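Notes to accompany the following structure.
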Amino acid sequence: MSEPQIDPAGNTQQFKAFAQRQEPEPAPARRSYVLPVAIAVVVVVVAVVAYLILS
């Protein structure tokens, strides 16, 4: 039985096709507004408590 012949250019062509493919641009990460809103709520609560304690 003869061994199958391997095309030496086959792997190179596959690599070039892989390296030159166009990948879609990643979508920009959507900002989460949970943390800034939570910080704002904490600041307001601390301000109200401080106002009530000092008045």
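Just so it is clear, none of the values below were taken in a lab; they were calculated from the coordinates. If you're wondering where the values come from, they're calculated on a predicted model, not measured in any experiment. Ideal geometry is used to build each Cβ from the backbone, glycine not excepted, and the neighbour counts take in all protein chains shown.
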(message) Using only Cα atoms and rounding to the nearest 10 degrees, what angle (0 to 90) does helix 34-54 make with the longest principal axis of the chain?
(response) 10 degrees
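Per Stokes-Einstein, at 37 °C and 0.692 mPa s, what whole-number D in µm² s⁻¹ belongs to the chain, with the Kirkwood radius over Cα pairs as the hydrodynamic radius? Can you show the working numbers first?
Details: Rh = 17.8 Å.
Estimated diffusion coefficient is 185 µm²/s.
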(request) Order these peptides, 33-46, 15-28, by their mean beta-carbon neighbour count within 10 angstrom, highest first. (result) 33-46, 15-28
